[in-house]
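What follows is a short report on a single structure.
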C-alpha cells in the first residue's frame, strides 16, 4: 500500500529575556545547580508570580513575524501533573487564550518551490527544571535553574508530508526567532526543542492515522532522522497489519531509533484551569503597532531583496538570508565592497569553509565583516590578486593583525602582497626568467602554435614565484609578447 | 453525584494521595455528599455570564525584565529533605 | 495590662506607663500560664519577642517611636516568617522554617511591632472549627468545650483570652469573621486585593485575604493601616490609595442606609439569634441610620460555588507540597510515585485530602465547564447581586453565623454540616467584598456576631460603623468569665 506521512511539530523556544517569566531570577545558562532558582522558581509556600513584560513583547513580536492573530486577551492556565522537575506540581501555560493565534510560514522545498505551513497557535509558558540521573548513587538530582525560563510553544498544523519538510520547517522557525532576537537559537543548550507528531495514512484517505509524539528532539539533523526512523517503524507495523499505539516516544540518536517513554505510560489528566494568581493579560492596538515597528527585515523579505536588488541566485540568497548574523555579516561585507556577488562568493566560499573547519559560528569568526570588506575593496582596485586576498584572510584567521579594517592594509604591506602592475618592472622580471630557463624556452618554441596557450603555464608560475603580487593579467601579456619575439 | 470506590481510588492517584483502604468508605461517602452539595450549581442560569477571574476584574500587571534575585541556595536547601552538591535528591526518575 | 487594646497600649507606651519589654514579658508569662488550656499558639518566639521589645524601648528612648513601636501581637501560622516555623497547622509543614517573610510580616516588622509567635489554625485554613490542626484543637475561651471557630481559631482564642491585644488572620470563606463571632471579637476581612498575599500560604488564591482579629474597631483600623497597600510581588494586589482609617472612625452615622438581605434572615435562624441581630440594627437606627430590606437572589448558590472554587484552587496550590524541596517526606520512598503518595497521604489530614480530591475531580477531564467555569460564572452573579444592592444602600448587615459556637466534635463527622456554617460569610469572598464581624449580643453565654458588609474598598465606612456601635454599646468589652 502507498502511505502518506502526516507530521505536525511543537517547537519550544526559550525567550531571550534576562529574568524568568514570573520571577526575578536570572535565565543565564550554565550556572551551578539551583543557584538561579529563587523562592518563586522553587515553588515555596506563599510565593506568587508576576509576569515579565519582555516575555510578552517577544511573544507578540513572534506572532507579528508569522502574520498571526495576536491575542488581545490572553490567559495563563495551570496544567497539573506531578514530576520532580516541576516544582509547583503544575506548569503555568496558556490553553484557551494563547497570546498568538493562527499564523503561517513558508518553507522552501528541494525543487525550489515554497510550501505554506500554517501555525495553529503559539503560547507562553514556563520551562521546567532538569533531572540528572548519574552520579547520585541511584537517586536523581533535581536542578531548578531552568524552571521558570520563558518559552513560547509554537504548534504547527499537521501539514508536513516528509521528514525533510519537517526539518525545513524547524530550520525556518529557528531562522525567524533568531532574526527577531527573541531566542538565541542555541540547540545544543536546549534553547529550541521540538516535539514531532508523526502518523501515516493510506494515500487518498482523509482521516488521520494514529499518531505518536517524539519528545524533545534538539537538532535539525535529528528531527529529520528521528522522523524517518519513526516513519519506518510505523510503516513496518502497518504493513504487517498491526496498529499504532498512541504514545510518547524518545529518539535515540546512537541507535537511530525511537522508543516508548516509560514515564508517560499513564495517560495524564492535566486538569487545566485559569491560574488565579495571574490575571488576564490585556493588550491594545497601540501596543501591537509599537511592537510591529520594531520588527527587523525577516528572512523571506531579505532573500527576495538579495535576488531582486542585488542579482544573487535564489540558492545563494536563501543560504545567506537563513541566518541573521550570517546575513548581517554578508551585507556589511557587500556594502564595503560595493559588490554583492563578490561578497556572496567569499562568504559562501572561504568564510563558510573556515566556519566549518573551526566549528564556530559567524560571531566567533576572527575576520570581521569590515576586514573582509576591506579585502574585497583591495581586490576590486587591483591592489590584491585573489591569491594575495586569501593569504590576508588566512593571516587574519590565524589571529594576525588586530580587529580593525586598517590592519588588512598593514598585513598586505608586511606580507608583501601588493600587486605589481607596472609593465616595465614586470618586463624586467620576465626577461630574467626567460634568461634563467633556456631549456624551457626551447621547449616552448618547439610546441605547436595551437598548444602554446597551455605551455605558457610554467613561465607564469616562475614569474609569480620571482615576484609576489604581480598582476597575473599583466604577466600573461608580457610573457606572450616576449616569447613571440623569440620565435 | 455518587462516586464509587474505584473513582475515589482514581482521584486519589491523580492527586498523589495515599488513602488507607479502611478509610475508603468514609471518603466515598463524604466526597459524594460534597458533590451532591455542589451539584446545586447545575440549576443556575449562567448563559452569557462571563466567569469572574478577579473580583474587581483587574488585569495583569507587568514586571520589568530585570534580574532582582541572587543565589540563596544554601539558605533554601537548609529546609530540604535531601540534597547533594546543590541538587535536590529524589528516588531515581525513569524517562 | 492584658485587657488593654492596641490603642490603649500605644497611649500607655507613649506616656511611659510601662515599657514594651514589661508588657511583652507579662504577655509571654500569661501565654505560658494559660495557653495549655486554649492551645492557641503553635510557636512562641519568646527570645525574638523580647529582643524586638527591647529594640522598641530603645527606639522610644531615642525619641524615634512611632505608633506601632513596641506593640505586641501574634500571627496566624499561615504567614511565612523568616527563620521561624510556619506550619499552616499541618504535619506537611511541621518542619518548614520559612526562609523569607510574608509582606504582612515585613510590614509589622517595619512598623516596629513585637511578635509573640505563631497562632494555631485549621490545617491549611480549611475548616470552621479549628479541629483540623495537626497541633490539636483550640478551645473557645468563652466555653472551653466549644470550638473557637475557624480557620483563624488560634488568632481568635488568643485575642479573646487576652494573650495578645490583636492578631493577624486570614479569611477565605469566613475564617476571620466566624471565629470573631464565636469569640466575641472584632474581625475584619478587607476587600480582595487590599492586602498583599505574598508569603501567605495559599489555600484558594482568588478568595484568600489577610485581615485582623482585635477587640475593637479602633484597633482593627490600626492593624489595617499597617497591612493595607500595594505590593508589586502580588499580581492580584490592587494599586489603590490607602486612606487614614482612624481619621473617619468618629463620623456621624445619620443618614447611613443599612441593607438587610432577606435571604440572610431566614426562618430557620433561631429566634435568639434573630433577636440579638435585630437589637443591634435597632441600635444603629438610634444612631441615625435607616434600614432597608434588600434581596441578594443568588445567595443559595454561594456555598456550592465556593465548594468548587476553593477545592479546585487548593488542589493545585497544595501540589507543591510533594516532599521534594521542603516539608514532610515519608520514610524510605521506593520510587518517585511512592514518595509523592506517602508524603502527601501522611502529611495531609483528612479534610485537606477531601478538598484536594474534590478539586481534582471537579477539574478533571470533561468536568471543567460544569464545575469550575460554572462556579466562576455564579461568582459574577453573586457579585452583581451586591453591586445592585450597593446602589441602594451604604452597608449591608446580617448575622455572621447561623448559631453561636458549637461543641467540639459536634460536626467533625459531617463535612457538609461544617460547610453550612459559612452560609453568611462565603458570598463576600466570592464577590471579593470587605466584611467585618463585631460582637452584638449573647446567646447561652456565648457571643453572637453581627456581620457588616461594605462596598469595594469601603473599609473606612465599615470601621466607622463598627466603631460608632462600639461607642454606644459594650458588647466588645465583654470578656469570657474566666478572663475578666
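For the reader, a short list of remarks on this structure follows.
- Within the range B:25-49, the set of residues being within 20 Å of the chain's Cα centre (by Cα) and either more than 8 Å from chain C (Cβ to nearest Cβ) or surrounded by fewer than 15 Cβ atoms within 10 Å (Cβ to Cβ) (or both) comprises B:28, B:32.
- Filter result (crowded, with 24+ Cβ neighbours inside 10 Å, within 14 Å of chain B (Cβ to nearest Cβ) and over 24 Å from residue C:148 (Cα atoms)) within the range C:95-133: C:98
- Residue within the range A:34-41 that is farther than 23 Å from residue C:100 by Cα and either within 12 Å of chain C (Cβ to nearest Cβ) or modelled with pLDDT of 95 or more (or both) present: no
- Any hit, the range A:31-53, residues being under 31 Å from the mean Cα position of the chain (by Cα), at positive phi and surrounded by fewer than 20 Cβ atoms within 10 Å (Cβ to Cβ): no
- For residue C:91, the requirement of being assigned to a loop (DSSP other than H, G, I, E, B) and within 23 Å of residue C:480 (Cβ to Cβ) is not met.
- Among the residues listed as C:206, C:196, C:235, the single one being free of Cβ contacts under 8 Å to residues at least 40 places away in the same chain and over 10 Å from the mean Cα position of the chain (by Cα): C:235
- Tally, over the range C:442-468, of residues that are surrounded by 23 or more Cβ atoms within 10 Å (Cβ to Cβ) and over 18 Å from the mean Cα position of the chain (by Cα): 3
- Only listed residue being surrounded by 18 or more Cβ atoms within 10 Å (Cβ to Cβ) and within 30 Å of residue A:25 (Cα to Cα), chosen from A:140, A:156: A:140
- Residues (assigned to a loop (DSSP other than H, G, I, E, B), under 24 Å from the mean Cα position of the chain (by Cα) and more than 7 Å from chain C (Cβ to nearest Cβ)) located in the range B:73-84: B:82
- A residue that is under 24 Å from residue A:476 (Cβ atoms) and loosely packed, with under 15 Cβ neighbours inside 10 Å occurs nowhere in the range A:392-405.
- Failed item, numbered, when residue B:70 is tested on (1) more than 7 Å from chain C (Cβ to nearest Cβ); (2) in contact with a helix residue (DSSP H, G or I) (Cβ under 9 Å, 6 or more places away or on another chain): (2)
- Residue in the range A:277-296 that is in contact (Cβ under 8 Å) with a residue 24 or more places away in the chain, surrounded by fewer than 20 Cβ atoms within 10 Å (Cβ to Cβ), assigned to a helix (DSSP H, G or I) and touching a strand residue (DSSP E or B) at 6+ places or on another chain (Cβ under 6 Å) present: yes
- Identity of the residue in the range A:20-30, touching a helix residue (DSSP H, G or I) at 6+ places or on another chain (Cβ under 7 Å) and buried (at least 21 other Cβ atoms within 10 Å of the Cβ), that ends up nearest to the other protein chains (Cβ to nearest Cβ): A:25
- So residue C:406, is it surrounded by fewer than 24 Cβ atoms within 10 Å (Cβ to Cβ), at pLDDT 95 or above and more than 26 Å from residue C:458 (Cα to Cα): yes
- Matching residues, the range C:160-181, being more than 12 Å from the chain's Cα centre (by Cα) and buried (at least 24 other Cβ atoms within 10 Å of the Cβ): C:160, C:161, C:163, C:164, C:165
- Selected residue [crowded, with 18+ Cβ neighbours inside 10 Å, within 22 Å of residue A:16 (Cα to Cα) and in contact with a helix residue (DSSP H, G or I) (Cβ under 9 Å, 6 or more places away or on another chain)] from A:223, A:198, A:217: A:217
- When the range A:332-363 is filtered for residues that are surrounded by fewer than 21 Cβ atoms within 10 Å (Cβ to Cβ), over 14 Å from the mean Cα position of the chain (by Cα) and under 25 Å from residue A:187 (Cβ atoms), the ones remaining, listed by number, are A:348, A:353, A:354, A:357, A:358.
- Residue in the range A:227-234 that is within 30 Å of residue A:59 (Cα to Cα) and either in contact with a strand residue (DSSP E or B) (Cβ under 9 Å, 6 or more places away or on another chain) or assigned to a loop (DSSP other than H, G, I, E, B) (or both) present: yes
- Taken over the range A:50-82, the criterion of being assigned to a loop (DSSP other than H, G, I, E, B) and facing chain B (nearest Cβ under 9 Å) is satisfied by A:50, A:75, A:76, A:82.
- Test: residue in the range A:12-19 that is buried (at least 24 other Cβ atoms within 10 Å of the Cβ) and more than 11 Å from chain B (Cβ to nearest Cβ): yes
- Evaluating residue B:95 against the criteria (1) more than 7 Å from chain C (Cβ to nearest Cβ); (2) assigned to a loop (DSSP other than H, G, I, E, B); (3) out of contact with any helix residue (DSSP H, G or I) (no Cβ under 7 Å at 6 or more places or on another chain); (4) farther than 30 Å from residue C:236 by Cα leaves one unmet condition, (3).
- Yes/no for residue A:411 being surrounded by fewer than 16 Cβ atoms within 10 Å (Cβ to Cβ) and either more than 26 Å from the chain's Cα centre (by Cα) or assigned by TED's automatic domain parsing to the domain that holds residue A:460 (or both): no
- Only one entry of C:310, C:316, C:280, C:302 meets the criterion of being more than 14 Å from every other protein chain (Cβ to nearest Cβ), buried (at least 20 other Cβ atoms within 10 Å of the Cβ) and in a helix (DSSP H, G or I), and that entry is C:280.
- Looking only at the range C:191-222, residues that are more than 14 Å from every other protein chain (Cβ to nearest Cβ) and within 13 Å of residue C:173 (Cα to Cα) come to 1 in all.
- Listing of helices (runs of 4 or more DSSP H) fully contained in the range C:347-459 that carry 1 or more residues being more than 10 Å from chain B (Cβ to nearest Cβ) and more than 22 Å from residue C:475 (Cα to Cα): C:374-389, C:415-419, C:426-431
- Just one of (1) in contact with a helix residue (DSSP H, G or I) (Cβ under 9 Å, 6 or more places away or on another chain); (2) in a loop (DSSP other than H, G, I, E, B) fails for residue C:266. It is (1).
- Residue in the range C:476-483 that is buried (at least 21 other Cβ atoms within 10 Å of the Cβ) and either touching a strand residue (DSSP E or B) at 6+ places or on another chain (Cβ under 8 Å) or closer than 18 Å to residue C:128 by Cβ (or both) present: yes
The values are calculated or read from the model by the stated rules, or taken from the named source; none is laboratory data. If you're wondering where the values come from, they're calculated on a predicted model, not measured in any experiment. Glycine gets a Cβ as well: all are built from the backbone with ideal geometry, and neighbour counts include every protein chain shown.
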